[in-house]
Every structure is written in structure tokens, then in C-alpha cells.
1. Relative to the present Cα-Cα distance, how much length would full extension add between His192 and Lys250 at 0.36 nm per residue of separation?
2. Gain in length, Lys264 to Met151, computed as 0.36 nm per residue apart minus the alpha-carbon separation, to one decimal in nm?
3. Rounded, prolate or oblate: which fits the range 231-298 when a ≥ b ≥ c are the square roots of the eigenvalues of the alpha-carbon gyration tensor, with rounded for a/c under 1.5 and prolate only if a/b beats b/c?
4. Show me 66-77, 48-59 ranked by packing, highest mean number of other Cβ atoms within 10 Å first.
5. Angle check, please: helix 250-262 long axis (alpha carbons) against the longest principal axis of the chain (alpha carbons), in degrees 0 to 90, nearest 10.
6. Projected onto the charge dipole of the range 199-311 (+1 at Lys/Arg Cβ, -1 at Asp/Glu Cβ, origin at the Cα centre), which of Tyr241, Leu285, Ser251 gives the Cα projection farthest towards the positive end?
7. Calculate the length of the line joining the C-alpha centroid of the range 232-247 to that of the range 248-301, in whole Å.
8. Between beta-carbons, use under 13 Å as the cut-off and find the net charge around Lys150, counting Lys and Arg +1, Asp and Glu -1.
Amino acid sequence: MNETREKKDMSEKRNNSENSEEDEEEKQLKLESLRKAGEIAQEVKKFIKPEIKIGVKALDIVSATEKKISELGGVCAFPVNLSINNIAAHYTSPFRDDGLTIKDNDLVKIDLGVHIEGYIVDTAFSVNFNKEENLENIITATDTALQAAKMMVKPGTNTKNIGKKIEGIVKGFNYIPIKELGGHQIERWRVHGTKSLPELGSQGGDEIEVGDVFAIEIFASTGSGSVHDTNSCHIYALNPYTGRVPLRRKSSKQILGFINKNYKTLPFAERWLGKEFQMGVAFGLQELVQQGKIRRHYVLSEEKEAYVAQSEETILVTEDGYEQLT
């Protein structure tokens, strides 16, 4: 009986040791992947910022950014967003180029994500070509709020308190935070994780813990501080909560298989599928949306005459604060 108990204890110790080693390996993979993704994101920003000029097509900027991510050894965590003026988020160049070109007086936002093995960083910046006096400090507002928010990050802090700080700074510059948008936790294979980092102090928050990865994302607007879905959609994502559904079209089945293999739950562009499939993309996506297998990410817009700026960085929460990744 004692011998049996001794063998059982030894087996339990061995299993605990193996689990501990696996946990440590996973932590190391997470850290190495996040740091590599962050370094790539930093290089990409340095590369693309000088290329954002009046007269340049949005498709050229988006394509060059995505290509650079790949060349540096990363993978796009989502299609590069290039949102202009009152468009706040989720615009990427469509399957067939719409000819969108940066013009004098435009306020341009670039939002890009990089992942390594599903470990994601998310970062954004704005470039202002508009000389109107009321836009003079709009990027300063988002950058200042971002820096202040970072300084508050530490284990045990509630993100609601950070949201209150963000709101106060953005409004102090005479702009309005956007209530539907803001920072977010990032989890493996999920750009928007469980926890939120709001733009407003009145919104609910979550407690920050060691090991959390957060995208601190700030928006400042000259409009109402609210966005709505437009009729445009060029970005989609797999719906992981839908089981098997009947698909009538062959193209739908092929596209779904390709999405599962290459993007998992991460957002992807209709434009990307167009490079892989010669025909059937539009009808295939339509059926997959109708059957609930994929979700649309509609272009988000403020009111018509508004201007929106955006700043975003990704941080890893440490025991005594944070490590900036992007």
C-alpha cells in the first residue's frame, strides 16, 4: 500500500513538473512573440509615415504597409485601416480599388496590427494635412492622453479610472472622446479581448493584472463623440460561435476553409481573398454572412463634418508597471 502511494506521489510530482515547464514555455513564447511583433510594428510605422502624402492613393499606402509587415517576418493581425476625416475606423481599401486619394485638408489615421503565432500588437497614429485652427492640437490631444494613460498602468488599477483621465485630457483640448471606441485587452488570436479600457470615466472598467496585454487607444473628435455603421464593409471575421451550417456554393466552402486555415478568428480583408480566388468571392462572402459563419466590420463614421484623430500603442502589464511593445 505504501509503495502504491509512493508511486502515485511521484507521478503527481512529475505531472506538476511537466505542467510547470509547459506554462513556462508558453510564457516565454508569448513574451518573445509579442516583442518581435512590437519591433516589426515600430519599423513599419517608421517606414510608412513618410509615405503618407497628399496625392497618394489609399490602396498604395495600405498595400505597402501590409507588404512591409510580411517582409519583416510578421503577419497582419487585421487589414491595415486608413481612415480619413470623419471616418473613425474599419476602412481598408476594397477588393476593387475605389480610387480614394489623400487630399489637402485631410486628417489621416493609420491603424495596423502585427502578430507572431497569434500574439498580437496593435498600434495607430494620425497625420494632419488640415491647417484649420480648431485642428491644430487634435493629434497632441490623443498623444498626450495616451502618455498619461500609460503612466497609470499597473496591476490592480481599474481601467475605468484610466478612462476618466483620458476623457479629462481630450476634453481639456476642446475635443470629444468617442464613446463607442477605445482601448482593449488583446488575447491570443483575439484583437479585442475580454477587458476594456474605455474613453470615458462613466463607462465600466476592468482590473488590470500582471501579464495582461492592452492596446491603449485614444480617439479625439470635433463632432458629437459618437460613431455609427456606414453601408460600407471591406473587413470580415470568422464567427467562432456558429457551428456547422449548410453551404450551397462551392466557393463559400472553399473560402471558409481558407479563412479557418489562414486567419482563424482574426479580421481579414475582402481584398486578400481576391488574391487567392479568381471568382466567387463576393457571392461566397454573402452566403457566409447570411449563414452567420462570418461577421461584417462596417466602416465607422462620425457625423459628416467632423474630424477624428487616433493614437494607439500596445503595452504588456508587468509587476511594477508596463513594458511598451509598439
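A short reminder: the numbers here are calculations on the coordinates, not readings from a lab. Everything numeric in this text was worked out from a predicted model, so none of it was measured. Neighbour counts are summed over all protein chains in view; Cβ atoms, including those assigned to glycine, are modelled from backbone coordinates with ideal geometry.
1. Numbers: separation 58, 0.36 × 58 = 20.88 nm, distance 3.13 nm.
Residue separation times 0.36 nm, minus the Cα-Cα distance, leaves 17.8 nm.
2. This chain segment gains 37.3 nm when fully extended.
3. Note, shape of the range 231-298 comes out rounded.
4. Highest to lowest by the protection proxy: 66-77, 48-59.
5. Roughly 70 degrees, rounded to the nearest 10.
6. The listed residue farthest towards the positive side: Ser251.
7. Centre-to-centre (Cα) distance: 7 Å.
8. Spelling it out: positives minus negatives among the neighbours equals -3.
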